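J.: Sharing a structure here in structure tokens format.
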Amino acid sequence: TTICGGPNGQGKTNLLEWLYFLATLNPLRAGKISELIRFGMERSRVSGNFLIHGAERNIAVDIVAGAKSVWVDGKKAPSLAAYFGGVSVVAFTPDDLSVVKGSPDGRRQFIDRCVFNRFPAFLDESRSFHRALKNRNKLLKDHAPPAHLQAWDITLAQSGARILMRRRALMREMVSRARDSFARIGRTPFGVEFSYCPNFLSFSEFDSATEDDLRESLAIQLAQRLPRDLERRFTSVGPQ
């Protein structure tokens, strides 16, 4: 166990901020990446050495004008997957109470961060889905003909089904551990249960669905809700 202590204003929070940013490429508390640069400076760099599977690895991030570039062992990382490669971190702050109290969007983002730590390939899968979602929503806002949406519907159904499968796999792994942990600290005869299910399926349907089943269900829902999506100008079904 490592404990970081000291008087106020000595940089304890900054240390945690940089450790989190180095491992996730997302600020822990800052609202914008540009806020991580010291006032009056034009750029910033953070780096760290990690022992992964018996080998030491150096990773670094440069921030210039609000944009970041990532490095592994002194060379620019060819992809984000190559950068992350086994480095993960878990942070808990008072702001995390918003996972319970806040909107469903926050809970989905929280689950997806956990999924990425468990399944690194999820990063590319999630990016594929959100890229297709962004393009479909743009077509909806531009009042594009329905035929122009079909190509994105195929991608959304495929990548969306994969995201749902990843989330379900994570929840199944976590539930038994959560029950054991709650039993040790809960001091109550009642147990804890939690589950995840998309709003276009019942729990029983989702629990037994294969990836092909989910892809087909998403494709059907996208087609059925197309009139509503055209009217509201955004995609109303999917893991988003």
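The values are calculated or read from the model by the stated rules, or taken from the named source; none is laboratory data. Everything numeric in this text was worked out from a predicted model, so none of it was measured. Cβ sites come from the backbone with ideal geometry, for glycine too, and all protein chains shown count toward neighbours. Heavy atoms of the whole protein, side chains included, go into the accessibility calculation; ligands, DNA and RNA do not. Shrake-Rupley method; radii C 1.70, N 1.55, O 1.52, S 1.80 Å.
J.: At a 1.4 Å probe radius, which order do Glu35, Glu125, Glu173 fall into by accessible area, largest first? Before the final figure, lay out the partial values.
T.: Details: Glu35 110, Glu125 40, Glu173 65 Å².
From most accessible down to least: Glu35, Glu173, Glu125.
J.: For the chain, find the longest principal axis of its Cα atoms and tell me its angle to the long axis of helix 211-224, 0 to 90°, nearest 10.
T.: Value to nearest ten degrees: 60.
J.: Where does each of Ile220, Ile163, Ile33 land when they are ordered by accessible area, with a 1.4 Å probe and the largest first? Working shown, then result.
T.: Working: Ile220 80, Ile163 5, Ile33 35 Å².
Output order, biggest surface exposure first: Ile220, Ile33, Ile163.
J.: A follow-up question, please. Going down the list Lys12/Lys68; Lys68/Lys101; Lys12/Lys101; Lys101/Lys134; Lys12/Lys76, which pairs span over 25 Å between their C-alpha atoms? Mind dumping the intermediate values first?
T.: Working: Lys12/Lys68 23 Å; Lys68/Lys101 32 Å; Lys12/Lys101 27 Å; Lys101/Lys134 27 Å; Lys12/Lys76 29 Å.
As for pairs spanning more than 25 Å Cα to Cα, those are Lys68/Lys101; Lys12/Lys101; Lys101/Lys134; Lys12/Lys76.
J.: Could you look at the range 75-165 and say what percent of its accessible area is carbon and sulfur, using a 1.4 Å probe and all protein chains? If you can, show how the numbers build up before the last one.
T.: Working: 3230 of 5470 Å².
Of all accessible area on the range 75-165, carbon and sulfur atoms account for 59 percent.
J.: What accessible area per residue, rounded to a whole number of Å², is obtained for the chain using a probe radius of 1.4 Å? Working shown, then result.
T.: Details: 15620 Å² over 240 residues.
Value returned for the chain: 65 Å² of accessible area per residue.
J.: Also, I was wondering about something else. I'd like the accessible area for Leu230: 1.4 Å probe, protein heavy atoms, all chains in place, Å² to the nearest 10.
T.: The accessible area of Leu230 comes to roughly 50 Å².
J.: Let me test this: with uniform point scatterers at the alpha carbons of the range 40-140, what is the Debye-based log₁₀ I(q)/I(0) at q = 0.16, 0.21 1/Å?
T.: -0.99, -1.22
J.: While we're on this one: Find out how many positive minus negative residues lie around Pro198, taking Lys and Arg as positive, Asp and Glu as negative, among other residues whose Cβ is under 11 Å from that of Pro198.
T.: Details: positive: Arg108, Arg167, Arg168; negative: Glu205.
With Lys, Arg at +1 and Asp, Glu at -1, the neighbours total +2.
J.: So how tilted is helix 122-141 from the main axis of the chain? Cα-based, degrees 0 to 90, rounded to 10.
T.: Approximately 50 degrees, to the nearest ten.
J.: Summarise the long-distance tail of P(r) for the chain by giving the % of C-alpha pairs beyond 24 Å.
T.: 59 percent
J.: Want the number for Cys197 to Ile3: 0.36 nm per residue separation, take away the alpha-carbon distance, what's left?
T.: Values: separation 194, 0.36 × 194 = 69.84 nm, distance 3.86 nm.
Answer, rounded to one decimal: 66.0 nm.
J.: Over the range 1-73, what relative contact order in percent results from Cα pairs under 8 Å that are six or more residues apart?
T.: Averaging sequence separation for qualifying contacts and normalising by length gives 21 percent for the range 1-73.
J.: I've got another one for you. I want to check the label-to-label distance for Ile52 and His143. Put each point 7 Å from Cα in the C-beta direction and report it in nm to one decimal.
T.: 5.0 nm
J.: Shifting gears a bit: Nearest 10 degrees, 0 to 90: what angle lies between the long axis of helix 12-24 and the longest principal axis of the chain (Cα atoms)?
T.: 50 degrees
J.: So what is the diffusion coefficient of the range 91-156 in µm² per second by Stokes-Einstein at 4 °C and 1.567 mPa s, using a Kirkwood Rh over Cα pairs? Let's see the in-between values first.
T.: Values: Rh = 14.0 Å.
It comes out at roughly 93 µm²/s.
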